[in-house]
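Enquirer: Structure in structure tokens, see below.
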Amino acid sequence: MLTHIKITSAKPAAKTYLLRDTQGLYLAVQPTGSKLWRLNYRYLDKQKTLHLGRWPEIGLAAARARRDEARKQIAEGIDPAIEKKRAKIAARYAAANTFSAVAEEWLLKCEREGLAAVTIDKIRWLLSKAYPVIGSLPISQITPHEALAVLRRIEATGAYESARRMRSVLSRVFRYGVATLRCEKDVARDLRGAIATPKVRHFAAITDPADVGKLLRAIDGYTGSAITRMAMRISPHVLLRPGELRLALWSDIDLDKAIWSIPAERMKMRRPHRVPLSRQVLLMLEELRECTVYWQYLFPARGKPRKPMSENCVNLGLRQLGYANQMTAHGFRAMGATLLNECGKWHADAIERQLAHVDTNQVRRIYARGEYWDERVHMMQYWSDYLDTLRDGGKVLQGSFGKDGTSG
């Protein structure tokens with residue numbers, strides 16, 4: 001039987017020799033001086049050898065414990081050598097399937113499926129906050145407590161909406177991990193009630209007709225960037241989301257057919273959308289074309305016309321007009337929805353289609369596939385006429401659309 005003294009005093013020889021312990025365990029002393037633990041055993045009537053590690057990293061007591069574990073596996077009909085190989089493969093597999101690796105693979109899938117670049121960037125930003133905490137961990141070994149730690153770090157800054165979105169992103173990564181056999185469950189699924197609920201934030205919007213008229217006159221008198229002014233003038237007439245407006249391309253516009261078409265990849269709900277263009281909008285687009293027709297975007301950025309105007313341009317313009325707390329770029333949609341519904345002339349579904357809303361009732365959505373196109377054509381002309389009536393209720397404050405092709 002081996003002792004610590006026998007092992008430490010064993011010197012290398014010209015050939016490998018063995019220092020035997022008990023029950024098949026021995027230490028092979030190499031000519032180089034290294035000492036390796038081995039275990040001889042029989043499995044299915046075959047003589048086999050199991051490598052247990054190197055001394056002194058594996059001491060005598062640890063080597064005997066590994067021997068006993070191997071003998072237990074043999075008694076249960078398990079070959080310890082094969083089990084060891086499986087453990088190594090599992091360890092390598094786990095190391096190659098960290099949360100960050102799976103998340104990046106999932107992001108690549110999202111890009112291939114056409115998820116908007118701006119959405120990809122937002123998700124990537126959120127994941128960059130998660131990686132320092134769980135990025136290097138095998139996704140199969142992440143616990144709910146560790147996922148919660150990611151959310152708590154964001155929640156502690158008061159960014160409750162970001163924490164809510166983070167939970168959703170984590171959940172989607174874990175679900176992808178389950179679908180690709182890298183983990184067994186979505187550990188973020190049950191964390192919905194674990195973080196503070198963000199307060200619902202409504203976009204500021206003017207819906208009183210008289211105040212709408214004042215706003216339109218103020219916009220006509222805007223003395224800042226010409227492109228920003230035109231974006232503010234067109235916004236209330238088309239009821240698009242700010243991102244859909246600022247990313248608009250001239251190739252989207254068919255002036256002859258009076259249709260503004262937006263592909264699915266640039267729409268929030270990933271469905272293509274068409275906007276009937278009123279006579280007023282067609283005239284404004286003709287004005288705008290004199291300045292920006294040479295560029296890809298309807299509303300190019302100042303100094304960088306190959307890029308679209310910034311997402312804050314319209315809001316900045318409204319702020320400069322004194323409407324910082326009363327109106328936002330997104331508020332034009334609420335303005336239109338409110339006043340069009342209140343007039344009682346149009347089908348509610350036609351208004352919803354014009355706003356590119358998707359019915360949350362799946363069964364109803366199946367049976368309500370109509371675009372209400374003809375009604376929307378008449379509705380959008382009525383809407384532009386109505387806006388003109390409100391605007392003409394008072395005197396225009398200052399000049400008209402200028403000729404420079406820059407944005408604020």
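No value in this document is a laboratory result; all are computed from the given coordinates. Note that the structure is predicted; figures quoted are calculated from it, not measured. Cβ coordinates were reconstructed from backbone atoms using ideal geometry, including for glycine residues, and neighbour counts include every protein chain displayed.
Enquirer: Do any GluC sites (Glu not before Pro) in segment 100-146 lie in a DSSP loop with no more than 14 other beta carbon atoms within 10 Å, and if so, which?
Expert: Working: sites: E104, E105, E111, E113, E146; in loops: E113.
Within segment 100-146, the qualifying GluC sites (Glu not before Pro) (loop, at most 14 other Cβ atoms within 10 Å) are E113.
Enquirer: Might you report the magnitude of the Cβ-based charge dipole of the chain about its Cα centre, with Lys and Arg at +1 and Asp and Glu at -1, to the nearest 20 debye? Please list the in-between numbers first.
Expert: Details: 67 positive and 42 negative charges, 552 e Å.
So the magnitude is around 2660 debye.
Enquirer: Roughly what % of Cα-Cα distances in segment 4-84 sit above 23 Å, to the whole percent?
Expert: Values: 692 of 3240 pairs.
For segment 4-84, the fraction of Cα-Cα distances above 23 Å is 21 percent.
Enquirer: For the chain, what does -39500 (n - 2.57) per DSSP helix run (n ≥ 4), summed and divided by total residues, give at 222 nm, in deg cm²/dmol to the nearest 500? Mind showing how you got there, number by number?
Expert: Working: 16 runs with 195 residues, N = 408.
The helix contribution divided over the chain gives -15000 deg cm²/dmol.
Enquirer: Among S140, S9, what is the fewest-to-most ranking by other Cβ atoms within 10 Å? Could you put the intermediate results ahead of the total?
Expert: Working: S140 20, S9 8.
Ranked by crowding around the Cβ, least crowded first: S9, S140.
Enquirer: Could you pull out the trypsin sites (Lys or Arg not before Pro) across segment 1-101 that fall in loop regions by DSSP (anything but H, G, I, E, B) with no more than 11 other Cβ atoms inside 10 Å? Before the final figure, lay out the partial values.
Expert: Working: sites: K6, K15, R20, K35, R38, R42, K46, K48, R54, R64, R66, R67, R71, K72, K84, K85, R86, K88, R92; in loops: K15.
Passing both the DSSP loop test and the Cβ count: K15.
Enquirer: A further question follows. Which whole-number value in Å³ per residue fits the convex hull of the alpha carbons of segment 1-42?
Expert: Values: hull volume 2.4 nm³, N = 42.
Expressed per residue, the convex hull around the Cα atoms of segment 1-42 is 58 Å³.
Enquirer: How about segment 192-251: which trypsin sites (Lys or Arg not before Pro) there are in a DSSP loop, with at most 15 other Cβ atoms within 10 Å of their Cβ?
Expert: Working: sites: R192, K199, R201, K214, R217, R229, R233, R246; in loops: K199, R201.
Sparse-neighbourhood loop trypsin sites (Lys or Arg not before Pro): K199, R201.
Enquirer: Something else: What is the mean projected area of the alpha carbon convex hull for the chain, to one decimal in square nanometres?
Expert: Values: hull surface 126.5 nm².
Computed as one quarter of the Cα hull surface, the answer is 31.6 nm².
Enquirer: Sorted from fewest to most neighbouring beta carbons within 10 Å, what does the list Y386, Y17 look like?
Expert: Details: Y386 17, Y17 14.
Going from least to most buried by this count: Y17, Y386.
Enquirer: Another question about this same structure. Note down the relative contact order for the chain as a percent, whole number, built from C-alpha pairs under 8 angstrom at least six residues apart.
Expert: Details: 551 pairs, mean separation 58.1, N = 408.
Contact order relative to length: 14 percent.
Enquirer: Over segment 61-180, how many percent of alpha carbon pairs lie in each 5 Å bin up to the one with the longest distance?
Expert: Whole-percent P(r) values from 0 Å outward: 2, 10, 17, 17, 13, 10, 8, 7, 6, 5, 4, 1.
Enquirer: Going from the alpha-carbon gyration tensor of segment 209-391, what semi-axes, largest first and in whole Å, does one get by taking the root of 5 times each eigenvalue? Before the final figure, lay out each step's value.
Expert: Values: eigenvalues 129, 80, 48 Å².
The equivalent ellipsoid of segment 209-391 has semi-axes of 25, 20, 16 Å.
Enquirer: Starting from the eigenvalues of the Cα gyration tensor, five times each then square-rooted, give me the equivalent ellipsoid semi-axes of segment 1-149, largest first, whole Å.
Expert: Working: eigenvalues 448, 65, 40 Å².
One finds semi-axes of 47, 18, 14 Å for segment 1-149.
Enquirer: Under the definition of Cα pairs under 8 Å and six or more residues apart, what whole-number percent is the relative contact order of segment 1-50? Working shown, then result.
Expert: Numbers: 73 pairs, mean separation 12.4, N = 50.
Relative contact order, segment 1-50: 25 percent.
Enquirer: Pairs K122/K257; K214/K345; K84/K185: which are spaced more than 31 Å apart, C-alpha to C-alpha?
Expert: On the way: K122/K257 36 Å; K214/K345 24 Å; K84/K185 26 Å.
In this structure, K122/K257 exceed 31 Å between Cα atoms.
Enquirer: Next question, about the same structure. Could you state the angle between the C-alpha long axis of helix 60-75 and the longest principal axis of the C-alpha atoms of the chain, as a value from 0 to 90 degrees rounded to the nearest 10?
Expert: With rounding to tens, the tilt is 80 degrees.
Enquirer: Segment 116-245: D in µm²/s via Stokes-Einstein (Kirkwood Rh, Cα pairs, 25 °C, 0.890 mPa s)?
Expert: Numbers: Rh = 18.0 Å.
Translational D for this selection: 136 µm²/s.
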